[in-house]
1. Give Y106, Y116 a once-over and let me know the one that is without any contact (Cβ under 8 Å) to a residue 24 or more places away in the chain and over 22 Å from G282 (Cα atoms).
2. Consider G266 against the criteria (1) more than 15 Å from the chain's Cα centre (by Cα); (2) farther than 14 Å from S323 by Cα: it satisfies all of them except one. Which criterion is unmet?
3. Hey, among L224, L194, which residue is under 18 Å from the mean Cα position of the chain (by Cα), buried (at least 16 other Cβ atoms within 10 Å of the Cβ), part of a helix (DSSP H, G or I) and not basic (K, R)?
4. Can you pull out every residue in the range 239-259 that is touching an Asp or Glu at 6+ places or on another chain (Cβ under 8 Å), farther than 21 Å from D308 by Cα and not in a strand (DSSP E or B)?
5. Report yes if V280 is in contact (Cβ under 8 Å) with a residue 40 or more places away in the chain and out of contact with any Ser or Thr (no Cβ under 7 Å at 6 or more places or on another chain), otherwise no.
6. Which one is modelled with the lowest pLDDT, of the residues in the range 32-63 that are among the small types (G, A, S) and under 27 Å from F97 (Cα atoms)?
7. Against the condition surrounded by 22 or more Cβ atoms within 10 Å (Cβ to Cβ) and among the hydroxyl-bearing types (S, T, Y), how does Y205 come out, does it pass?
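The values are calculated or read from the model by the stated rules, or taken from the named source; none is laboratory data. The structure presented is a predicted model; accordingly, all values stated were derived computationally and were not measured. Cβ: placed from backbone, ideal geometry, glycine included. Neighbour counts: every protein chain shown.
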Amino acid sequence: MLSFGMGSMLTLLVSFQLRCTNSPSFLQSFKYSDTCTETIDISSIQVNVSNIPRQIFDVAMYLKRARIHARGFKTRRALKYASEYMDAILKGFGTSFEDATTRKVYEPSSMCPEYYVDKAKGYKIRECSHAKPLEEIVTILRLDHGSSTDKEFIKDTYDKNIPMIVGDYGGNVKEQSNVRVKHMTSTTTEGDALNILMEEVKTKYTLVLRNVLELDSNARIERLVREIESLNVNAVGGAIRNSDNVWSLGCHQRVFRNYTVVYEEGYDESMHDCVFCDHVDGPFLIKTQILKQIKFDSSLTPMGLYEDFFMRLNTEVAICADSLFDMDFPTP
C-alpha cells in the first residue's frame, strides 16, 4: 500500500509538471510562476557572444573527461549522446569533438624534445641547447630498510652526481658526495620519513623510489622529465618488475561505488606511449612544489599511504611503460 501511495503521488506530480510546462504562459515566458517550478529567465542573463565558442570547447572537454571516467552503462550512454550532439554543434564552428578535446602537447623546458621517425626507428631526440643535466633538476628520495653495505644502488648509465636523500632504517647506508642520509627509528612511519626527506629537496622534480631494489638505465629518468613537461602533468611514473621477473604497468582508475573506493586496473587514454592513471603502484617523478604541498599522511601504513596520497593529489598521473623499475612489493 505504501509503494502504491508513493507511486500515485509521483504520477500526480509528473502530470502536474507536464500540464504546467505545456501552458501558454510557460511557452511565452520563462519567468517564475507560483504554480510552476522555478526556471531561468534568460532575458536577465548577460551573454557575451564572443565567449560562446570557448565555452563550448570547455564543455566538450568536460564531457570527454566525464565520458572516459564514467563506469555505469546508463551514464556512459547519456554522455555518448551528449558528445554526439556537441560534435554537431562544433562542426558549425569548423571543428570537431575530437579536435576540440585533443590534449595539448608542450615543448619540454628541461630536456630536448623527441620526434617520431617511423615504425622501425621509433622516436629520436632532437638536438637542442636548453637541456639541463639530471643532477640539476632531479633529486631521488628512497627509504632503506637494511640493504647490504657492499651493494651499489645506482647501476650503469647513471653516474654518482644525481642527488639522493635516503631514509636509513637499517644503519647500513653511507654518506657520499651525492648521498645524504637521514637515520630513522623503527617507530618512524613511512609517510613521516618521506615528509622529512622531501624538506631537503632543492630541485624542480623529485623521484620517489618506492620499494626500488636498484636503479639502472631502464628507469629512463630523462624520459620521465621530458613527459612530465610535455604532457603537463604533476607526476609521471614507470612500469614495475618484481623479484620474480613479473612485469606490471601498475596503472589504476579510481571509481566511487556505494560509498566505496574501487580501483580498476587499466587505462582509458594514452599519448606519447604513456597512459593516464588515477593511481600508480610504482615509483614516480613529481613536481617538488606539488609534493611539498600534498605531503604524505604520517598516520597511515604503507598499504594505504600512496592510495591516500594520489587521492589527495586529485590529478591524472601518467605512466610511461618504457620506463622500468625493479620493485620489491611490501607485505601487508
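1. Numbers: Y106 fails: without any contact (Cβ under 8 Å) to a residue 24 or more places away in the chain.
Every option except Y116 fails the conditions.
2. Against the list (1) more than 15 Å from the chain's Cα centre (by Cα); (2) farther than 14 Å from S323 by Cα, G266 comes up short only on (1).
3. Details: L194 fails: under 18 Å from the mean Cα position of the chain (by Cα).
The match here is L224.
4. N242, S243
5. On the way: in contact (Cβ under 8 Å) with a residue 40 or more places away in the chain: yes; out of contact with any Ser or Thr (no Cβ under 7 Å at 6 or more places or on another chain): yes.
Here the answer is yes, as V280 does meet what is asked.
6. So in the range 32-63, the residues among the small types (G, A, S) come out as 33, 43-44, 50, 60.
Those still in the list that are under 27 Å from F97 (Cα atoms) too: 50, 60.
Details: S50: 69, A60: 78.
For the range 32-63, the residue satisfying everything is S50.
7. Values: surrounded by 22 or more Cβ atoms within 10 Å (Cβ to Cβ): yes; among the hydroxyl-bearing types (S, T, Y): yes.
Yes.
The rows are residues; the columns are (1) in a helix (DSSP H, G or I); (2) over 26 Å from M198 (Cα atoms); (3) within 13 Å of the chain's Cα centre (by Cα).
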position	(1), (2), (3)
G237	no, no, yes
V261	no, yes, no
F276	no, no, yes
Q289	yes, no, no
R312	yes, no, yes
I319	no, no, yes
